[in-house]
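Below: one structure, written as structure tokens.
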Amino acid sequence: MRVLLVEDEVALAEAIRDGLMAEGFDVDAVHDGLDGLWRAREGSYDAIVLDILLPGMNGYKVCQTLRDEEIWTPILMLTAKDGEWDEAEALDTGADDFLSKPFSFVVLLARLRALFRRGAPPRPAILEYGPLRLDPGTRKASHGEAEVALTAREFSLLEYLMRRDGHVASKSEILDHVWGIDFAGDPNVIEVYVGYLRRKLDQPFGTQLIRTVRGAGYRLCTDAS
Ligand code: CA
């Protein structure tokens, strides 16, 4: 079992690391939030023990960023009992469990084992349509062999169209799902973003995958017509 430990109190981090290693875990310890985020993205950990008050980026932000990127590694957050942060907030940001400092090592171990047993929620499946491929887990999109960089909104729009699997998505459905039901701006924003997607995913490849269906909305299509 591989554990990433993000804790800036070096003595505490070392004590936890040594204890976990004595229990047979593989442990990487880092002392900075940004370092922790980077490791969590790159490494394949079975769990992350994450302090809240950290230099670089706080634990809430690290947790939220990972969840926004759909990285579902179980997270045990370390909260300070008398701190300004509370446990409800830890869970709100997507942590799976929390532990108030000071804690005993035995309790930490028990909580970690419980997290391992639960495991990470299943990762969303990779979507494919014709040459398009989109991985909601890693937020990567590609056309054939070519990886295409998309902004968050472009990604969401493409994801929505791909989930429709060739069926028409109306403008109001797209607005609700991609921009949110309380979006009050100009609905023509969809056309603008469809344009961005075509410039990235169709024009460079000579394809016409993203079609406008007059009066109805948009859909993906692999026919040459
Ligand atoms: Ca700290």
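The values are calculated or read from the model by the stated rules, or taken from the named source; none is laboratory data. No experiment lies behind these values; they were computed from the predicted model shown. Because the Cβ atoms are built from the backbone with ideal geometry, glycine has one as well, and the counts that use them run over all protein chains shown.
Observations
- Considering the conditions (1) at pLDDT below 70; (2) more than 16 Å from Glu7 (Cα to Cα), Ala90 is excluded by exactly one of them, (2).
- Single residue of the stretch 96-135 satisfying the filter (under 19 Å from Ser44 (Cβ atoms) and small (Gly, Ala, Ser)) that is modelled with the highest pLDDT: Ala125
- In summary, Thr138 fulfils each of the numbered conditions (1) of a type in the set (Ser, Thr, Tyr); (2) out of contact with any Phe, Trp or Tyr (no Cβ under 9 Å at 6 or more places or on another chain); (3) modelled with pLDDT of 85 or more with the single exception of condition (3).
- Figure legend. Inter-residue proximity from the stretch 47-74: first residues without any contact (Cβ under 8 Å) to a residue 12 or more places away in the chain, second residues charged (D, E, K, R), beta-carbon distance below 8 Å, spacing 6+ or different chains. No pairs are indicated.
Conditions tested, residue by residue: (1) crowded, with 19+ Cβ neighbours inside 10 Å; (2) of a type in the set (Asp, Glu).
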residue: Ile16; (1), (2): yes, no
residue: Glu23; (1), (2): no, yes
residue: Trp38; (1), (2): no, no
residue: Ile52; (1), (2): yes, no
residue: Lys61; (1), (2): no, no
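- Residues satisfying the stated conditions in the stretch 141-167, i.e. at pLDDT below 90 and among the acidic types (Asp, Glu): Asp165
- Filtering the stretch 152-179 to residues that are of a type in the set (Val, Ile, Thr) and under 18 Å from the mean Cα position of the chain (by Cα) leaves only Val178.
- Matching residues in the stretch 205-215 - criterion: being farther than 16 Å from Asn188 by Cβ and of a type outside the set (Val, Ile, Thr): Phe205, Gly206, Gln208, Leu209, Arg211
- Any hit, the stretch 64-79, residues being modelled with pLDDT under 85, within 15 Å of the ligand (Cβ to nearest atom), surrounded by 14 or more Cβ atoms within 10 Å (Cβ to Cβ) and not acidic (Asp, Glu): yes
- Summed over the stretch 204-225, residues that are surrounded by 11 or more Cβ atoms within 10 Å (Cβ to Cβ) and more than 16 Å from Thr151 (Cβ to Cβ) total 15.
- Hits in the stretch 142-183 - residues which are touching a strand residue (DSSP E or B) at 6+ places or on another chain (Cβ under 8 Å), of a type in the set (A, V, I, L, M) and within 16 Å of Gly130 (Cβ to Cβ): Val148, Leu158, Leu161, Met162
- Restricting attention to the stretch 152-193 and to residues that are among the aromatic types (Phe, Trp, Tyr) and assigned to a helix (DSSP H, G or I), the residue that is nearest to Asp223 (Cα to Cα) turns out to be Tyr160.
- If you go through the stretch 185-195 and keep only what is surrounded by 15 or more Cβ atoms within 10 Å (Cβ to Cβ) and either at pLDDT 95 or above or touching a Gly at 6+ places or on another chain (Cβ under 9 Å) (or both), you end up with Ile190, Tyr193, Val194.
- Within the stretch 133-151, not a single residue is part of a helix (DSSP H, G or I) and under 21 Å from the mean Cα position of the chain (by Cα).
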